[in-house]
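Step one of this worksheet: look at the structure below.
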Amino acid sequence: MRRDPLQLQEREFDLAVVGGGIFGICTAWDAALRGLSVALIERGDFVQATSAHSFRMVHGGIRYLQHGDLLRIRESVRERRALLRMAPHLVEPLPIVIPTYGHGREGKEALGFGLRLYDLWAADRNRGIHDPARQIPSGRIISRTDCLRLFPELEATDLTGAGLFYDGQMYNPPRLALSILRSAVAAGAVAVNYAAARRFIRRHNRIIGVSVVDTVTGNELDVRAKVVVNTTGGWAPTLLQSASGLRLSPGVTFSRDTCFVLKRRARSPHGLAILGQTRDPDAWVSRAARHLFLVPWRGYTLLGVWHKPWHDDPDRVTVMEAELLSFLGEINASCPALGITPDDVSCCDAGLVLFGENAERATNLRYGHRSRIVDHRLVDGVDGLITSIGVRWTTARAVAEEVVTLAGYKLGRSLAPSRTAHTPVHGGAIPDIQKFVESTVGGRPASLREDAARSLARNHGSAVGELLAHIYDDPALAASVDGSHVVAAEVVHAAREEMAQHLTDVVYRRTDLGTAERPTRTALEICGRLMAAELGWSSERTLAEISNAERSFPVASAAQPAARPPVERPLQALL
């Protein structure tokens, strides 16, 4: 997968997708598999914003029981099943415990009924998943004793037991998105990062393409397309107005969803649901408050999710130190024995998601319920333009399928049915994940550490041979990056095969170096030297890239940033 902006000018595409988050990537993949010519452009790096900073959950829709929303449950079950099937190395089941207190609405009897009802509606949750390690078990009630054995820090007074259900978890969201992107490119899509859309090219009442600036070279180019799809998420309204003079009507509201990585290793392989301090005003049947979750993830603990309506510039999304303290206060109030402090927090993740309409300063917030797909011919009289804004990572594939079907209608094409739900992504052809990982570890090159081989198998799946080939060609590339399980071959591979243009692309999205804790200066220097050798950077450029990567690690801020996050800066700002 090589970056070649000139390909964007060589022909007229059926579809030009603007926005390289998970919704744009899935749109490009679905369209390419259904026979359309596709161009995908992203102003920064692929999945650098919301898609990379999610809570890593693959939701099966159990929460929608409270809303009586059968359609959303069925969609979520279907899409969780698809992800477990098509990317078994990057998606896995996650058991979650919901403690029950007393009886009635908060008791285990009511929760047990809900779990049975959910399992009835999710009866086909494992259809087509042949690997037992990736199948979702039924929910059940566990005893008070078992609950306290798993989580002894829970308040024991009035505890009657717990509900146990299973959802899905992503091992590495950026790597999952990149696997789908590589699948799209393999199917014929042209994808280019650091290509910023400046305006939509319009002829009378039709959009016929996108005017783009290559921020790596500064060159301007036009991408001609019969249909343009705006999949820029929290930036969609801004781009729509600046690039075409159109406004979304009705408008949309976004939430800054926030979660944290804790340096604590979870003592249990189960996640824990704890009641927070806000309610869901849209729920037909509601417990005392919404749940916050502590879940194990790769030797860390994830904590979240908090929501805040965001009306500011999407480039200014950040988490304030005072907010962090408030969030930790809420979780500690619900479970004082946890005693979580700011020193436990290694990383703050935040991104913009489509939200519901809420009154100013409302405490109990309404979530977004449905993704938004807009055919601008119907609402604005401008043909050739679609805006797609998704709600959840989990449903990106399904939303993309719907968008491409609409695009086919606008093209006057009878498209083949979507195949993405049943097609393994790049690296996903794995019948038995446990056997595959152990086989990779057992057959690794002698110079490669066991933990590094295990990480490569999980991050790259059946495409791990691409990484191992670098090591066989040059055994020195098996060297660890400053004692981590990331090896030099991953950095080289990112530069040669995955369009990495900046050090931040490698550290925060193509490897594990910056996914949970701040990478060391030594690690950044090692990666910087490797990138410089591959991309021909000067010593000045390399130092600038290292400094930029240091500033880009997501932590709580004492003050709002005045401009776009450093990770977003184009090359010109680094020199």
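The values are calculated or read from the model by the stated rules, or taken from the named source; none is laboratory data. Bear in mind that the values here come from a model prediction, so they are computed numbers and not experimental data. With ideal geometry, Cβ positions are generated from the backbone for all residues, glycine too; neighbour counts draw on all protein chains shown.
Against the conditions (1) among the aliphatic types (A, V, I, L, M); (2) outside the structural domain of Thr301 (by TED's automatic domain parsing); (3) not in a loop (DSSP other than H, G, I, E, B), where does Leu36 fall short? Just the number, please.
For Leu36, the exception is condition (3).
Cβ-Cβ under 7 Å, sequence separation 6+ or interchain: first residue in the stretch 409-438 and at positive phi, partner crowded, with 17+ Cβ neighbours inside 10 Å. Which pairs?
Close Cβ pairs satisfying both conditions: Gly427/His89; Gly427/Ser179; Gly427/His460; Gly427/Gly461; Gly427/Ser462; Gly427/Ala463.
Would you call Ala133 out of contact with any strand residue (DSSP E or B) (no Cβ under 7 Å at 6 or more places or on another chain) and assigned by TED's automatic domain parsing to the domain that holds Cys347? Let's see the steps before the verdict.
Values: out of contact with any strand residue (DSSP E or B) (no Cβ under 7 Å at 6 or more places or on another chain): yes; assigned by TED's automatic domain parsing to the domain that holds Cys347: yes.
When the stated conditions are applied, Ala133 passes them.
If the requirement is being outside any helix (DSSP H, G or I), among the acidic types (Asp, Glu), out of contact with any helix residue (DSSP H, G or I) (no Cβ under 7 Å at 6 or more places or on another chain) and surrounded by 15 or more Cβ atoms within 10 Å (Cβ to Cβ), which of these qualifies: Glu402, Glu517? Don't jump to the end; show me each part of the working.
On the way: Glu402 fails: outside any helix (DSSP H, G or I).
From the options Glu402, Glu517, the qualifying one is Glu517.
Give me the pairs, please: first residue somewhere in the stretch 57-86 and at positive phi, second residue anywhere and of a type outside the set (A, V, I, L, M, F, W, C) and surrounded by fewer than 24 Cβ atoms within 10 Å (Cβ to Cβ), beta-carbon distance under 9 Å, and either six or more positions apart or on two chains.
Close Cβ pairs satisfying both conditions: Gly61/Asp69; Gly61/Arg72; Gly61/Arg74; Gly61/Glu75; Gly61/Tyr118.
If I filter the stretch 405-433 down to residues being of a type in the set (Ser, Thr, Tyr) and assigned to a helix (DSSP H, G or I), which single residue comes out as surrounded by the most Cβ atoms within 10 Å (Cβ to Cβ)?
Kept after step one, since they are of a type in the set (Ser, Thr, Tyr), are these residues of the stretch 405-433: 405, 409, 414, 418, 420, 423.
Next, from what is left, pick out any that are assigned to a helix (DSSP H, G or I): 405, 409, 420.
Numbers: Thr405: 15, Tyr409: 13, Thr420: 24.
Looking at residues that are of a type in the set (Ser, Thr, Tyr) and assigned to a helix (DSSP H, G or I), I get Thr420.
Can you tell which of Ser462, Ser447, Ser439, Ser455 is polar (S, T, N, Q) and not in a helix (DSSP H, G or I)?
Ser447
Every residue in the stretch 488-514 that is in contact (Cβ under 8 Å) with a residue 40 or more places away in the chain, crowded, with 24+ Cβ neighbours inside 10 Å and part of a helix (DSSP H, G or I), please.
The answer is Val491, Leu503, Thr504, Asp505, Val507, Tyr508, Arg509, Arg510.
What do you reckon, is His485 out of contact with any strand residue (DSSP E or B) (no Cβ under 6 Å at 6 or more places or on another chain), buried (at least 21 other Cβ atoms within 10 Å of the Cβ) and not small (Gly, Ala, Ser)?
On the way: out of contact with any strand residue (DSSP E or B) (no Cβ under 6 Å at 6 or more places or on another chain): yes; buried (at least 21 other Cβ atoms within 10 Å of the Cβ): no; not small (Gly, Ala, Ser): yes.
For His485, the condition - out of contact with any strand residue (DSSP E or B) (no Cβ under 6 Å at 6 or more places or on another chain), buried (at least 21 other Cβ atoms within 10 Å of the Cβ) and not small (Gly, Ala, Ser) - is not met.
So in the stretch 33-79, with the set limited to residues that are closer than 20 Å to Ala189 by Cβ and polar (S, T, N, Q), which one is nearest to the chain's Cα centre (by Cα)?
Per the criteria, the residue is Ser51.
Given the structure, is Arg81 under 28 Å from Asn172 (Cα atoms) and in a helix (DSSP H, G or I)? It would help to see each step written out before you state the result.
Values: under 28 Å from Asn172 (Cα atoms): yes; in a helix (DSSP H, G or I): yes.
Taking the combined requirement at face value, the residue satisfies it.
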